[in-house]
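**Q** Before we start, here is the structure in question, set down as structure tokens.
The values are calculated or read from the model by the stated rules, or taken from the named source; none is laboratory data. Fair warning: this is a prediction, and the values are worked out from it, not measured in the lab. Using ideal geometry, Cβ is built from the backbone for each residue, glycine included, and neighbour counts are taken over all protein chains shown.
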Amino acid sequence: MKIKQARDAVRAAKSIAVLTGAGVSAESGIPTFRSNGGYWKTHRFEDLATPEAFKRDPKFVWEFYEERRRSMAAAKPNAGHVALAELEWRVPTFTLATQNIDGLHDAAGSRNVIKLHGDIWVLRCVACGREREDRSRLEVLPPRCGCGGMLRPGVVWFGEMLPDGAMTRSTEAVVTADVFLVVGTSARVFPAAGLIPLAVQSGVTVVEINPEATDFSSEVNYMLKGPAAEILPALL
């Protein structure tokens, strides 16, 4: 019954905003940040994904990220990614904000994507600030820019600000939406998680899709429990 009501809301919507988290990509075989207990080679992920860690041992941090890049390179968009890309073509206004860094939404065909936590395929020079996309296997770590400066992953590390304008654009999309889909996120990572209560307070119809309940499940209009790759196609 709930999925039918949610489907009706999606079909009637002229403007849809979406927030996706790691759960969407986990169904494509990409380990979540918390997999393996949140450790890599006995080091906590939170201790590797920081500017301080990179400054201290850039080669070691790059080994961690290059391993993640290879894992992500082998992954393909799943039915959830594809459904969201199709939904974008069906409604006049569609904005997808993602906490994922793997580029699978782009690969599925989504166009209006806000990458809240950056893009693992982008390399940024710490000296000149120049960026480039590079999906190749990085043989020499850390990689270098043409200017001679060291390149870092184009992702948001703990303690860093989100990309310029990302939250402003996401907020505007959410408060002006008819429907807000919250998909595959634990809703515990802020400021992205703050979009959910904002949508509720703004009177937007909020549909949460997740295998487990979150702290906001009792506040949303429809909580659809299950994997995104099954429920998102059903919403179409």
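**Q** Taking residue 172 as the residue in question, decide whether it is acidic (Asp, Glu), surrounded by fewer than 19 Cβ atoms within 10 Å (Cβ to Cβ), under 18 Å from residue 106 (Cα atoms) and at pLDDT 95 or above. Don't jump to the end; show me each part of the working.
**A** Numbers: acidic (Asp, Glu): yes; surrounded by fewer than 19 Cβ atoms within 10 Å (Cβ to Cβ): yes; under 18 Å from residue 106 (Cα atoms): no; at pLDDT 95 or above: yes.
Judged against the criteria, residue 172 is not a match.
**Q** Counting only residues that are in contact with a Lys or Arg (Cβ under 8 Å, 6 or more places away or on another chain) and surrounded by 10 or more Cβ atoms within 10 Å (Cβ to Cβ), which one in segment 136-145 is farthest from residue 61 (Cα to Cα)?
**A** 145
**Q** For segment 37-56, enumerate the residues that are at pLDDT below 90, under 18 Å from residue 141 (Cα atoms) and surrounded by 13 or more Cβ atoms within 10 Å (Cβ to Cβ).
**A** 40, 48 - these are the residues of segment 37-56 that are at pLDDT below 90, under 18 Å from residue 141 (Cα atoms) and surrounded by 13 or more Cβ atoms within 10 Å (Cβ to Cβ).
**Q** Among the listed residues 178, 215, which satisfies the condition of being at pLDDT below 95 and over 25 Å from residue 77 (Cβ atoms)?
**A** 215
**Q** Okay, next question. If a residue counts only when it is closer than 30 Å to residue 125 by Cα, which strands (runs of 3 or more DSSP E) contained entirely in segment 148-225 have at least 2 such residues? Can you show your working first?
**A** Working: elements: 151-155, 179-183, 205-210, 222-225.
Correct list: 151-155.
**Q** Looking at 131, 86, 172 in this structure, which one is at negative phi and outside the structural domain of residue 208 (by TED's automatic domain parsing)?
**A** So the residue among 131, 86, 172 that is at negative phi and outside the structural domain of residue 208 (by TED's automatic domain parsing) is 131.
**Q** What are the pairs, 6+ residues apart or on separate chains, where a residue within segment 181-199 that is at positive phi has its Cβ under 6 Å from a residue that is in a loop (DSSP other than H, G, I, E, B) and of a type outside the set (Val, Ile, Thr)?
**A** 184/21; 187/215; 187/216
**Q** Next up: I need a count of the residues in segment 92-135 that are over 18 Å from residue 158 (Cα atoms) and either surrounded by fewer than 14 Cβ atoms within 10 Å (Cβ to Cβ) or without any contact (Cβ under 8 Å) to a residue 40 or more places away in the chain (or both).
**A** Residues meeting the conditions: 20.
**Q** List the residue pairs whose Cβ atoms are under 9 Å apart, where the first residue sits in segment 1-28 and is without any contact (Cβ under 8 Å) to a residue 24 or more places away in the chain, the second is of a type outside the set (Gly, Ala, Ser) and in a helix (DSSP H, G or I), and the two are 6 or more positions apart or on different chains.
**A** 11/90; 11/235
**Q** Confirm whether residue 63 is farther than 29 Å from residue 194 by Cβ, in contact (Cβ under 8 Å) with a residue 60 or more places away in the chain and of a type in the set (Asp, Glu).
**A** Considered against the rule, which asks whether it is farther than 29 Å from residue 194 by Cβ, in contact (Cβ under 8 Å) with a residue 60 or more places away in the chain and of a type in the set (Asp, Glu), residue 63 comes out as yes.
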